[in-house]
Structures are given as C-alpha cells and as structure tokens.
Amino acid sequence: MSCIFCKIINQEIPSFKIYEDEYTYAFLDIAKDVDGHTLVIPKKHIENILDVDAETLEHLMNTIQKISKHYVENCGFEGVNILHASGSAAQQTVFHLHFHIIPRTSNDGVDAWPKFSGAKNELEKTFDLLKLE
Ligand code: AMP
Ligand code: ZN
C-alpha cells in the first residue's frame with residue numbers, strides 16, 4: 001500500500017497527531033499555510049466522499065466536531081472552516097478521504113472562501129440538471 005495517509009496511520013511516517021480513536025485519525029497538515037491546519041481521516045483506506053460508507057462518514061463528522069470544539073473551547077480559536085476535495089477534478093491530491101479543519105479567529109486575516117469566476121448558466125438550467133427527483 002503506497003498511500004501516504006495509510007503510512008501515517010501505521011506510524012511508518014511521522015505526523016503531529018492531534019487525536020486518534022478506533023475509526024479516525026487527525027494530524028497537522030504539513031503545508032504550514034494556516035496555523036492549526038488539521039486533517040481528519042478514516043483509519044480504513046477510502047478514496048473520497050463518493051465511496052465512503054455512512055458509518056465511517058458519521059465517525060469522521062463526530063471527530064471533526066470534537067476537534068473543532070476543542071480548538072474553540074480550549075485553544076483560543078473562535079470558529080472553523082471545514083474544507084474537502086473529492087476527485088482530481090475537484091483538486092484532491094491525496095486519494096485517501098480527508099477533511100481539512102482550518103481554525104479561525106476573527107482577526108486572523110485568512111480568507112478560506114474560494115474565489116469563483118461566476119456561474120456559466122442560469123439558475124433555472126442548473127436546477128433542471130441537478131434536482132434529485
Ligand atoms: P487535498 O489537496 O485536499 O487532497 O489535500 C492534501 C493535503 O495533504 C495537503 O494540504 C497537503 O499539505 C497534505 N499532506 C500531504 N502529505 C502530508 C504529510 N505527510 N503530512 C501531513 N499532511 C500532508
Ligand atoms: Zn490510504
């Protein structure tokens with residue numbers, strides 16, 4: 001298994017582990033782009049949101065909330081952004097499911113919201129394409 005995140009879970013490569021339980025593992029992202037940038041991953045290798053089972057997703061969301069509350073209640077942060085990419089078209093670069101937690105303070109100068117160039121279609125057309133009957 002050449003997956004870098006599986007190697008982190010198995011302690012084959014080091015990480016700054018923030019939290020671990022039976023199903024999930026959380027550690028600092030090495031990007032050093034935002035203080036506290038944290039990744040939350042399932043212990044079993046799952047590629048992304050398109051193939052994750054509901055039970056694993058629930059475990060991940062519980063861990064995301066636990067860490068988010070810890071950062072806000074105990075670590076001096078005031079809020080979090082949760083970021084995620086599924087698929088190379090969505091700029092996923094590591095193909096082991098992960099969610100990014102970006103801890104925030106109101107004066108941190110970070111803008112975590114993507115800058116979009118503008119929708120190409122009218123809402124009516126998009127609605128016809130996307131609605132789940
Ligand atoms: P994504 O673009 O959503 O697939 O994010 C992958 C993330 O994994 C990036 O933010 C990388 O900085 C991070 N990353 C890659 N290798 C490591 C590593 N060995 N330890 C911690 N974070 C990593
Ligand atoms: Zn993996």
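The values are calculated or read from the model by the stated rules, or taken from the named source; none is laboratory data. These numbers were taken from a predicted model, which means no experiment stands behind them. Ideal geometry is used to build each Cβ from the backbone, glycine not excepted, and the neighbour counts take in all protein chains shown. Heads up: the accessible areas ignore ligands, DNA and RNA and are worked out on the full protein's heavy atoms, side chains in. Shrake-Rupley method; radii C 1.70, N 1.55, O 1.52, S 1.80 Å.
Considering only residues that are open to solvent by 40 Å² or more (accessible area, probe 1.4 Å), farther than 23 Å from Gly36 by Cβ and either aromatic (Phe, Trp, Tyr) or assigned to a loop (DSSP other than H, G, I, E, B) (or both), which ones fall in region 86-133? If the condition is that a residue be open to solvent by 40 Å² or more (accessible area, probe 1.4 Å), farther than 23 Å from Gly36 by Cβ and either aromatic (Phe, Trp, Tyr) or assigned to a loop (DSSP other than H, G, I, E, B) (or both), then Phe95, Phe116, Ser117, Gly118, Ala119, Lys120, Asn121, Glu122, Phe127, Lys131, Leu132, Glu133 are the ones that fit. Give me a count of the residues in region 8-29 that are among the hydroxyl-bearing types (Ser, Thr, Tyr) and closer than 15 Å to Tyr71 by Cα. So the count comes out to 1. Considering Asn81, Asn48, the condition of being within 16 Å of ligand 1 (Cβ to nearest atom), open to solvent by less than 70 Å² (accessible area, probe 1.4 Å) and more than 25 Å from Asn107 (Cα to Cα) is satisfied by Asn48 alone.
Screening Cys6 with (1) open to solvent by 80 Å² or more (accessible area, probe 1.4 Å); (2) within 13 Å of ligand 2 (Cβ to nearest atom); (3) among the hydrophobic types (A, V, I, L, M, F, W, C) gives one miss only, at (1). So how many residues does region 16-36 have that are crowded, with 18+ Cβ neighbours inside 10 Å and near ligand 1 (Cβ under 8 Å from one of its atoms)? Result for region 16-36: 1. Scanning region 3-22 for residues that are among the aliphatic types (A, V, I, L, M) and in a helix (DSSP H, G or I) returns Ile4, Ile8, Ile9.
Return the pairs, sorted by first residue and then second, in which the second residue is open to solvent by 80 Å² or more (accessible area, probe 1.4 Å) and outside any loop (DSSP other than H, G, I, E, B), the first residue lies in region 42-54 and is in contact (Cβ under 8 Å) with a residue 40 or more places away in the chain, the beta carbons are less than 8 Å apart, and the residues are 6+ apart or on different chains. Partner pairs satisfying both residue conditions: none exist.
Given the criteria open to solvent by 80 Å² or more (accessible area, probe 1.4 Å), within 16 Å of ligand 2 (Cβ to nearest atom) and more than 22 Å from Trp113 (Cα to Cα), does Glu55 qualify?
The answer is no for Glu55.
Restricting attention to region 66-78, the residues being of a type in the set (S, T, N, Q) and either assigned to a loop (DSSP other than H, G, I, E, B) or surrounded by fewer than 13 Cβ atoms within 10 Å (Cβ to Cβ) (or both) number 1.
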